[in-house]
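> Have a look at this one before I ask anything.
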Amino acid sequence: MNEYMQARLTFITLDVSALAPPEPMTIILTHLARLTAQECLRIKHRRQPFPLYEKLNYTGFSYHCVVDTQDDITLYIFHQNAEAAFDEWLVTSDLTKGKD
């Protein structure tokens, strides 16, 4: 078992849902620059940030998006090497039931 499966992620919550562009992108990128391998950003947003998804793939991050309603999404961003830890959390969380 690798070390990331045993590690617990620390979640940092951001709410950018009330901000106008480009503020959400700026805030998210600022937090990503400081994100450690044991941390995951949990972001409340009002839309899917498709331009951000492209940047994440090129900079070593993975993401998981939960669309609660058309104007309410939760985006999880974490280092690619922490994907196993996130997947483990995802399996044990009530995320799929909306009780995150």
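Derivation of every value follows stated rules applied to the coordinates shown; laboratory data play no part. A quick note: this is a predicted structure, and the numbers were derived from the prediction, not measured. Cβ coordinates were reconstructed from backbone atoms using ideal geometry, including for glycine residues, and neighbour counts include every protein chain displayed.
> For region 71-97, name all the residues that are in contact with a Phe, Trp or Tyr (Cβ under 8 Å, 6 or more places away or on another chain) and among the charged types (D, E, K, R).
Within region 71-97, the subset in contact with a Phe, Trp or Tyr (Cβ under 8 Å, 6 or more places away or on another chain) is 75-86.
Scanning region 71-97 gives a single hit, Glu83.
> Quick check on my filter: what residues within region 75-88 are free of Cβ contacts under 8 Å to residues at least 40 places away in the same chain and surrounded by fewer than 19 Cβ atoms within 10 Å (Cβ to Cβ)?
Gln80, Asp87 - these are the residues of region 75-88 that are free of Cβ contacts under 8 Å to residues at least 40 places away in the same chain and surrounded by fewer than 19 Cβ atoms within 10 Å (Cβ to Cβ).
> Restricting to region 37-84, name every residue that is in a loop (DSSP other than H, G, I, E, B), in contact with a strand residue (DSSP E or B) (Cβ under 8 Å, 6 or more places away or on another chain) and among the polar types (S, T, N, Q).
Restricting attention to region 37-84, the residues satisfying the condition of being in a loop (DSSP other than H, G, I, E, B) are 37-38, 46-49, 59-60, 70-71.
Adding the requirement that they be in contact with a strand residue (DSSP E or B) (Cβ under 8 Å, 6 or more places away or on another chain) leaves 37-38, 46-49, 60.
Within region 37-84, Gln38, Gln48 meet the criteria.
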